[in-house]
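Step one of this worksheet: look at the structure below.
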Amino acid sequence: MTDVAGMTQVDLETRKNLPQHLRKLLDKFPRINWHSHKNFGELTRFWLSRHIMFRELIGRMQQSSKNIIEPQDQQEAKSNIRHLTGFFLQQLHAHHTIEDQQFFPLLIPMDSDLKHGFEILDADHHVLDKQIDLLAGETNHLLSVLKSDKDPRAAADAVLNTQIKFEKFLNQHLVDEEELIVPILLEYGPPDLV
């Protein structure tokens, strides 16, 4: 997929950032200044905290996979992989659903020039849904191996590789989402949620 000008890759798997025409407000509001802006409110703070949580969880999930591959405390790692992955996937799916159905529709009218950015983010969510399914499947396979007498290291390695790929996609999406949405909130203030 290419952007409107046909020059920049916007596919989540290949892009390095959003196309320049979608970064006009980011140029006005660089990330380093976000927290000090008068329109950086509780909604923005909460939304960004969810992104921080997802980044932290994927790191903890990877550590649990590594602990199964290189047994240190396998019992704790088994418990962690199940609970962390379940919580992560459920929360991420709910987060994307709220964004797609409630948050993005409130933001798009605030700056219609950036509508294409929301289309890119929506496409990202579909890519991430496939990654969610893959991660869930790999994790469930690992959990079944952990219940058996089989050596779990190969299954844990497969989960770790899936987690690493997922983290790459997720981080690119979160950075781009933040760099599109936070500047909108700073420029126009929070949307009317009622």
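Tabulated results
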item: Lone qualifier among S36, S64, S49 - being of a type in the set (S, T, N, Q), buried (at least 18 other Cβ atoms within 10 Å of the Cβ) and farther than 10 Å from L185 by Cβ; result: S64
item: Evaluation of D149 against (1) among the acidic types (D, E); (2) closer than 30 Å to S79 by Cβ; (3) within 14 Å of the chain's Cα centre (by Cα) (one fails), failing number; result: (3)
item: Qualifying residue in the range 165-187 (condition: within 30 Å of F29 (Cβ to Cβ) and over 23 Å from the mean Cα position of the chain (by Cα)); result: yes
item: Segments classed as helices (runs of 4 or more DSSP H), wholly inside the range 72-157, with at least 3 members that are in contact with a Ser or Thr (Cβ under 9 Å, 6 or more places away or on another chain) and not acidic (D, E); result: 74-98, 115-147
item: Among residues of the range 28-58, those that are part of a helix (DSSP H, G or I) and touching a residue at least 12 places away in the same chain (Cβ under 8 Å), counted; result: 14
item: Test: residue in the range 92-99 that is charged (D, E, K, R) and over 13 Å from the mean Cα position of the chain (by Cα); result: no
item: Number of the exception - E177 against (1) modelled with pLDDT of 95 or more; (2) under 17 Å from L84 (Cβ atoms); (3) of a type outside the set (K, R); result: (2)
item: Failed item in (1) surrounded by fewer than 18 Cβ atoms within 10 Å (Cβ to Cβ); (2) in contact with an Asp or Glu (Cβ under 8 Å, 6 or more places away or on another chain); (3) part of a helix (DSSP H, G or I), with L25 passing the rest; result: (1)
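The values are calculated or read from the model by the stated rules, or taken from the named source; none is laboratory data. Owing to the predicted nature of the structure, the values given are computational and were not obtained by experimental measurement. Note: ideal-geometry Cβ built from the backbone for every residue, glycine included; neighbour counts use all protein chains shown.
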